[in-house]
Amino acid sequence: MGKMEQTIKFEIIRLAKKQMRVTYVPLARDVRRMKRAVRELRETVAVLAKLGAKIAAERAAAQAKLGAAPEEVEVARISPRLIKKLRQRLGISQGELAALVGVSAGAVGFWEQGKARPRGRNKAAMVALRKLGRREVRRILAEKKAAAKAAAGGVRKAKARRGAVGKKRRAARKG
């Protein structure tokens, strides 16, 4: 009787495994296909995010370049009082002027106090700013902020994704 029980037991196990394989194999195939599709989509999104940030930065840089003719910059006189008056005429803060020119707000403060003077590229930017009105300056500032936000957003998302993956790995190690 022992052999009969053992034979029936092995047959039940064999049939159960066969039935599980019939169910499991297509599901495993679908899971692999879906994982591959998700991986490809992630790669596409990453490439598009990089491209979008690059285009936004290029667009902001192209539109926000403040420059003037070298001859014009050479003969231009930029005094501390002129810098302050220009900033007041444009209705911007020292920080906003600094963002437009590409320096720190402290540097603009020093320029206005006469402790330092804008030179080279910064002087060219100041000469170019004298030709702009409030609307143009506001538009340039808005574009710079949008470009900075877009670039920062991509970095934040990537860090968040890395953090989530790290949490999952730590949880898997503990479990």
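The values are calculated or read from the model by the stated rules, or taken from the named source; none is laboratory data. Every value quoted in this text rests on a predicted model; they were computed, and no experiment measured them. Every residue, glycine among them, receives a Cβ derived from its backbone with ideal geometry; neighbour counts consider all protein chains shown.
State whether the residues of region 87-107 include one that is more than 22 Å from ALA146 (Cα to Cα), small (Gly, Ala, Ser) and within 30 Å of the chain's Cα centre (by Cα).
Yes, because at least one residue in region 87-107 is more than 22 Å from ALA146 (Cα to Cα), small (Gly, Ala, Ser) and within 30 Å of the chain's Cα centre (by Cα).
Determine which single condition LEU141 fails, assuming it passes every other condition in (1) surrounded by fewer than 17 Cβ atoms within 10 Å (Cβ to Cβ); (2) touching an Asp or Glu at 6+ places or on another chain (Cβ under 8 Å); (3) among the hydrophobic types (A, V, I, L, M, F, W, C).
So LEU141 meets the others, but not (1).
Conditions tested, residue by residue: (1) outside the structural domain of ALA46 (by TED's automatic domain parsing); (2) at pLDDT 90 or above; (3) acidic (Asp, Glu).
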residue: LEU82; (1), (2), (3): yes, yes, no
residue: GLY91; (1), (2), (3): yes, yes, no
residue: GLY102; (1), (2), (3): yes, no, no
residue: ALA158; (1), (2), (3): no, no, no
residue: GLY163; (1), (2), (3): no, no, no
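Would you be able to say whether some residue in region 58-80 is at pLDDT 90 or above and either over 30 Å from VAL127 (Cα atoms) or in a helix (DSSP H, G or I) (or both)?
yes
Enumerate the pairs (first residue in region 82-110 and acidic (Asp, Glu); second residue anywhere and surrounded by 15 or more Cβ atoms within 10 Å (Cβ to Cβ)) with beta-carbon separation below 9 Å, excluding pairs fewer than 6 apart on the same chain, so at least 6 apart or on different chains.
GLU96/ARG87; GLU96/LEU90; GLU96/VAL137; GLU96/LEU141
Inspect all residues belonging to region 36-58 and state whether any of them is within 20 Å of VAL103 (Cα to Cα) and surrounded by 10 or more Cβ atoms within 10 Å (Cβ to Cβ).
Start the filter on region 36-58 by keeping residues that are within 20 Å of VAL103 (Cα to Cα), which leaves 57-58.
Those left that are additionally surrounded by 10 or more Cβ atoms within 10 Å (Cβ to Cβ): 57-58.
The answer is yes, given that some residue of region 36-58 is within 20 Å of VAL103 (Cα to Cα) and surrounded by 10 or more Cβ atoms within 10 Å (Cβ to Cβ).
For LEU51, work out the one condition from (1) at pLDDT 85 or above; (2) under 14 Å from LEU141 (Cβ atoms); (3) not in a loop (DSSP other than H, G, I, E, B) it doesn't fulfil.
(2)
Residue-wise test of (1) outside the structural domain of ARG119 (by TED's automatic domain parsing); (2) of a type in the set (Lys, Arg); (3) touching a residue at least 12 places away in the same chain (Cβ under 8 Å).
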{"residue": "GLU11", "(1), (2), (3)": "yes, no, no"}
{"residue": "ALA16", "(1), (2), (3)": "yes, no, no"}
{"residue": "ARG36", "(1), (2), (3)": "yes, yes, no"}
{"residue": "ALA53", "(1), (2), (3)": "yes, no, yes"}
{"residue": "ALA76", "(1), (2), (3)": "no, no, yes"}
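Would you say THR44 is of a type in the set (Ser, Thr, Tyr), out of contact with any Phe, Trp or Tyr (no Cβ under 6 Å at 6 or more places or on another chain), assigned to a helix (DSSP H, G or I) and within 30 Å of ALA146 (Cβ to Cβ)? Explain how you work it out, then say what you get.
Working: of a type in the set (Ser, Thr, Tyr): yes; out of contact with any Phe, Trp or Tyr (no Cβ under 6 Å at 6 or more places or on another chain): yes; assigned to a helix (DSSP H, G or I): yes; within 30 Å of ALA146 (Cβ to Cβ): yes.
Considered against the rule, which asks whether it is of a type in the set (Ser, Thr, Tyr), out of contact with any Phe, Trp or Tyr (no Cβ under 6 Å at 6 or more places or on another chain), assigned to a helix (DSSP H, G or I) and within 30 Å of ALA146 (Cβ to Cβ), THR44 comes out as yes.
Taking the stated definitions as given, is ILE13 of a type outside the set (Asp, Glu), more than 23 Å from the chain's Cα centre (by Cα) and surrounded by 13 or more Cβ atoms within 10 Å (Cβ to Cβ)? Explain how you work it out, then say what you get.
Numbers: of a type outside the set (Asp, Glu): yes; more than 23 Å from the chain's Cα centre (by Cα): yes; surrounded by 13 or more Cβ atoms within 10 Å (Cβ to Cβ): no.
Considered against the rule, which asks whether it is of a type outside the set (Asp, Glu), more than 23 Å from the chain's Cα centre (by Cα) and surrounded by 13 or more Cβ atoms within 10 Å (Cβ to Cβ), ILE13 comes out as no.
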